[in-house]
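Enquirer: Structure in structure tokens, see below.
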Amino acid sequence: MNLLPPMLTPAAFDHLFADLRYAVRGMQRSPGLYTVAVLMLALGIGINAAIFSVFSHVLLAPLHFADPRSLYFVSSHAASLGDGRRLSSGPDFRDYRDQNTVLSGVAAVIPHFSEPASVDGTPRVLNFAAGTQQFFTVMGIRPVLGRLFTPDEYKSLHNSSVLISWNFWKQEFGGDPNVIGRTLVNEDIRSVIVGVLPPMPDLYSRIDVWDKATTEPSWPFMDWRANKFLDVIGRLKPGVNPRLAEQQLTAILRRADGEPKDVQVQLTPLKDYIVGPVTRQLDIIMAAVGLVLLVTCMNIAALLLSRAVKRSPELAIRLGLGASRARIRQQLLVEGLLLSALGGVAGLALASSTVGLVKQVPGLALPRLEGLQLNVAALAASIGIVVLTSMVFALLPASILSRLDISSGLRGGRTETGKAQRRPFSALIVAEIACAVVLAVCAGLLVRSFIRVQQVDIGFQPARVLTAYLRTNYFGPEGLAFWHRVIDESAKVPGASSAAVSDCLPGASPMGASLMFDDRPNDPAHLPTGEGCWISADFFRTLGSALLRGRYFSDRDDQNAPPVIIINAAAAQRFFPNQDPIGKRIAVNYLSLGSRNNRPPPMREIVGVVANLHQRALDQPTEPAIYVPYTQDDTYHVLASMQLFVRSSERDPALLANSVRAKIQSMYPNQPVDRTMVMRDVVSRSLAQRTYSVGLMTSFAVLAVLLCALGIYGVVSYVTLQRTREFGIRMALGASRQDVLRNVLHQGGSLVAIGAAVGVALSLLATRGLSQLLFETAPFDPMIFVSSVLLLGVIGLLACLLPGVRASQLDPRVALNTE
């Protein structure tokens, strides 16, 4: 007695293997057709799996901290100050820590500063961060080797213990388990490594060394309320509503002297703070990938549907010989599953290599990319897509069996020309065109936006400028001689025409400065702000920035000369509209990490107005900016680190890099020369995320358009072939070849028009979510919409043209005898 279920009997396995062999033979008979099908599936599934891996890793995976959902980033904003997000000062942190009842712990971090250091005798610039005593406890971080800082080590401003990051331990020490007790030399101080931290891919992932941010005692700059440079992270107590916590922290901050009365504290979930800037970008890219996969699935469905209809004589013979309809459905299912499996395997291989490439994209700047791999979620999604498409491939052809008449099937499929038989194909064409229009519109908007960004006047000429970062140990007037010598000798390097220094790097984020004016009342709580830069005399000449009025700085503008300042055109327009700013006086309250005093700044005379030089990314608006000679910094804090700029008289400034480094280190052997780059690359990197988005969306749009063209061509060719006898009858009754061609183009063109109309309607919805990624481009740009429709219309008609021409060249006598 056979106790096995019907699907597990030996006969069932025999049938399954027979169907599999038959499917393989079918693929061998049409290698071109199935190769294209597998490639289309591989592209659709592979790209989807790769992008979903990035999407899942960046946006969905939990943070690598203890109970990450209770961690919040604490910031503030005030409409009276422009309503931008503000970080926290040392006094803000201490008030939050001492007065709140809603946070179980709160910590502050100096998020990034660089130090010159020597690792095994090699001069380097290392990335440092410093956390308060509560930081590692609040975050739930434990060392993998050694220990954390002790409470006593936070009670001194000068102690020699440091922690190193996991990446720094692996890269510089090769993962040496005996690294505890080894030393780093930074700022001429020998620092002892007391611990190795675990990997921190989510936050502060580029930090090499961790130091201590002491609050009692503290550095002077940690005591200035207006010096907002600290990251503050709090852990919410269980059961406390974040909005109620915001209200309490807001009340605490409003009690502080100098804070505006409309200040509001904002608690942002730490994960949202980290990934928030790229969430919309990844959402849009994920949606685009989904459309590409949908187009791919429709193409494969159309291919197998048309093939199944074409095989109706074969299926009719099998029915006539006694095969059951369920048996034939099984065969079609096996064929679809085999195709899907091949496409899925190829797609996963493509996804794995694509994920590897994502991590190597220079300047991509997506957070949390460390540790990115083709993860379980992406694999599960890909398997689900394979199963779904396999079911579609099986069910669509199998639906023909319910209408299959054995006698008509034995006569052949070319008489199946009715609207009912063509309706599934028509729906596929409309859907493909609609999806392609949406992608074309979105890609067109992003490309146009990108072109507009590239046309922005950056205010300087970066093509022949080399830059390098120099971090020193100079904190007094002796640093002036160092920088004078560096500038002079760099300008004498063969191939160089001039050199300059500044603490600003165009294309990065400059320090902020609050301004006070000599010719008007100043409200200390609502001072206007701008970008502030310390520069040398030849800064604008070296970068190639134009002087609009007045003069540049000279070497005579030192501490013995009257204080002077240069402003940009945006500052002149905002602060001195319809006036000549030359001779006006401004005081610059330039607070930053490392500043040495908080006394009132001196009034400075405006001696020049320069063109707007983009300090931020090109897609950011130009802000008012002020420039002060670094030789007039009486605190000397700027002398600790600056960017060196060297203009080349040759075409490629990169050729100067080794010579400049060798020249500086010949004078100062222990001086690291770091982050050497050509300025045009610095500007390009500021647009890395926009470039990435444009490249991906354009690639997806091109892929969708190509797949759409192939799909339309294949479907129209098939439907036209099915109508061969009908065209023969028409031509026998007097229809001209032009009539046949017009008929094919009319039917295909009607479907293209309907698909384009549906695509435009969907695009109107889709582009609303795209607006945040656009620069000086309207999300409903008529030109882009019209161009996309025309592009898909032309491609659709061209895809219909070849089958139409073929049909118009039929011999009526041959066509009438095709059956």
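The values are calculated or read from the model by the stated rules, or taken from the named source; none is laboratory data. Small disclaimer: the values here were computed from a predicted structure and weren't measured. All Cβ positions, even for glycine, are placed from backbone atoms using ideal geometry, and neighbour counts span all protein chains on display. Side chains included, ligands, DNA and RNA excluded: accessible areas come from the protein's heavy atoms. Shrake-Rupley method; radii C 1.70, N 1.55, O 1.52, S 1.80 Å.
Enquirer: Evaluate the following for Ala66: is it in contact with an Asp or Glu (Cβ under 7 Å, 6 or more places away or on another chain) and open to solvent by 20 Å² or more (accessible area, probe 1.4 Å)?
Expert: Numbers: in contact with an Asp or Glu (Cβ under 7 Å, 6 or more places away or on another chain): no; open to solvent by 20 Å² or more (accessible area, probe 1.4 Å): yes.
No: the conditions fail for Ala66.
Enquirer: If I filter region 616-638 down to residues being under 30 Å from Arg448 (Cβ atoms) and either of a type in the set (A, V, I, L, M, F, W, C) or assigned to a strand (DSSP E or B) (or both), which single residue comes out as modelled with the highest pLDDT? Give the steps one after another, and end with the answer.
Expert: Kept after step one, since they are under 30 Å from Arg448 (Cβ atoms), are these residues of region 616-638: 616-625.
Those left that are additionally either of a type in the set (A, V, I, L, M, F, W, C) or assigned to a strand (DSSP E or B) (or both): 617-618, 625.
Working: Ala617: 75, Leu618: 75, Ala625: 91.
So the residue we want is Ala625.
Enquirer: So, of the residues in region 205-217 that are modelled with pLDDT under 90 and surrounded by 15 or more Cβ atoms within 10 Å (Cβ to Cβ), which turns out to be nearest to the chain's Cα centre (by Cα)? Write out each step before concluding.
Expert: The initial filter retains those residues of region 205-217 that are modelled with pLDDT under 90, namely 205-206, 213-217.
Going one step further and asking which of them are surrounded by 15 or more Cβ atoms within 10 Å (Cβ to Cβ), we end up with 205, 213-215.
Numbers: Ser205: 17, Ala213: 32, Thr214: 35, Thr215: 36 Å.
Of everything passing the filter in region 205-217, Ser205 is nearest to the chain's Cα centre (by Cα).
Enquirer: Gly371: surrounded by fewer than 16 Cβ atoms within 10 Å (Cβ to Cβ), at pLDDT 70 or above and closer than 27 Å to Leu270 by Cα, yes or no? So that I can check it myself, show each step before the final result.
Expert: Details: surrounded by fewer than 16 Cβ atoms within 10 Å (Cβ to Cβ): yes; at pLDDT 70 or above: yes; closer than 27 Å to Leu270 by Cα: yes.
Spelling it out, Gly371 is indeed surrounded by fewer than 16 Cβ atoms within 10 Å (Cβ to Cβ), at pLDDT 70 or above and closer than 27 Å to Leu270 by Cα.
Enquirer: Here's something else I'd like to know. For region 69-102, which positions are open to solvent by 20 Å² or more (accessible area, probe 1.4 Å) and of a type outside the set (D, E, K, R)? Steps first, answer last, please.
Expert: Initially, region 69-102 is screened for residues open to solvent by 20 Å² or more (accessible area, probe 1.4 Å), giving 69, 72, 77, 79-87, 94-95, 97-101.
The answer is Tyr72, His77, Ala79, Ser80, Leu81, Gly82, Gly84, Leu87, Gln99, Asn100, Thr101.
Enquirer: Shifting gears a bit: Could you list, in sequence order, all residues of region 23-55 that are modelled with pLDDT under 80, of a type in the set (Ser, Thr, Tyr), open to solvent by less than 60 Å² (accessible area, probe 1.4 Å) and part of a helix (DSSP H, G or I)?
Expert: Tyr34
Enquirer: Is it fair to say Arg254 is within 15 Å of His77 (Cα to Cα), of a type in the set (Lys, Arg), out of contact with any helix residue (DSSP H, G or I) (no Cβ under 9 Å at 6 or more places or on another chain) and open to solvent by 40 Å² or more (accessible area, probe 1.4 Å)?
Expert: Values: within 15 Å of His77 (Cα to Cα): yes; of a type in the set (Lys, Arg): yes; out of contact with any helix residue (DSSP H, G or I) (no Cβ under 9 Å at 6 or more places or on another chain): yes; open to solvent by 40 Å² or more (accessible area, probe 1.4 Å): yes.
Judged against the criteria, Arg254 is a match.
Enquirer: Scan region 105-122 for residues that are open to solvent by 40 Å² or more (accessible area, probe 1.4 Å) and either modelled with pLDDT of 95 or more or farther than 20 Å from Thr214 by Cα (or both) and report the count.
Expert: Count: 3.
Enquirer: OK, next. Give me a count of the residues in region 135-147 that are open to solvent by 50 Å² or more (accessible area, probe 1.4 Å) and in a loop (DSSP other than H, G, I, E, B). Outline the logic, then answer.
Expert: Pass one, region 135-147, residues open to solvent by 50 Å² or more (accessible area, probe 1.4 Å): 137, 142, 144, 146-147.
Keeping just the survivors that are in a loop (DSSP other than H, G, I, E, B) gives 142, 144, 147.
The total comes to 3.
Enquirer: Okay, next question. Given Val493, Val501, which one is of a type in the set (Val, Ile, Thr), open to solvent by less than 40 Å² (accessible area, probe 1.4 Å) and part of a strand (DSSP E or B)?
Expert: Working: Val493 fails: part of a strand (DSSP E or B).
From the options Val493, Val501, the qualifying one is Val501.
Residue-by-condition table, conditions (1) of a type outside the set (Gly, Ala, Ser); (2) assigned to a loop (DSSP other than H, G, I, E, B):
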position: Pro62; (1), (2): yes, yes
position: Gly84; (1), (2): no, yes
position: Arg97; (1), (2): yes, no
position: Val125; (1), (2): yes, no
position: Phe149; (1), (2): yes, yes
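Enquirer: Right, another one. Do the conditions hold for Pro151, that is, is it out of contact with any strand residue (DSSP E or B) (no Cβ under 9 Å at 6 or more places or on another chain) and open to solvent by 60 Å² or more (accessible area, probe 1.4 Å)? Walk me through how you get there before you give the answer.
Expert: Details: out of contact with any strand residue (DSSP E or B) (no Cβ under 9 Å at 6 or more places or on another chain): yes; open to solvent by 60 Å² or more (accessible area, probe 1.4 Å): yes.
Here the answer is yes, as Pro151 does meet what is asked.
Enquirer: Oh, and also: Restricting the search to region 561-603, which residues are modelled with pLDDT of 85 or more, part of a strand (DSSP E or B) and open to solvent by 20 Å² or more (accessible area, probe 1.4 Å)? If you could, list the steps in order and put the result at the bottom.
Expert: Taking region 561-603 and keeping what is modelled with pLDDT of 85 or more, we get 561-588, 602-603.
This time we only want the ones that are part of a strand (DSSP E or B), so: 564-568, 585-588, 603.
Hits for region 561-603 are Arg585, Met603.
Enquirer: Something else now. If I filter region 84-91 for residues that are modelled with pLDDT under 80 and over 30 Å from Gly290 (Cβ atoms), do I get at least one hit?
Expert: Initial filter on region 84-91 (modelled with pLDDT under 80): 84.
Retained after the next criterion (residues that are over 30 Å from Gly290 (Cβ atoms)): 84.
Yes, because at least one residue in region 84-91 is modelled with pLDDT under 80 and over 30 Å from Gly290 (Cβ atoms).
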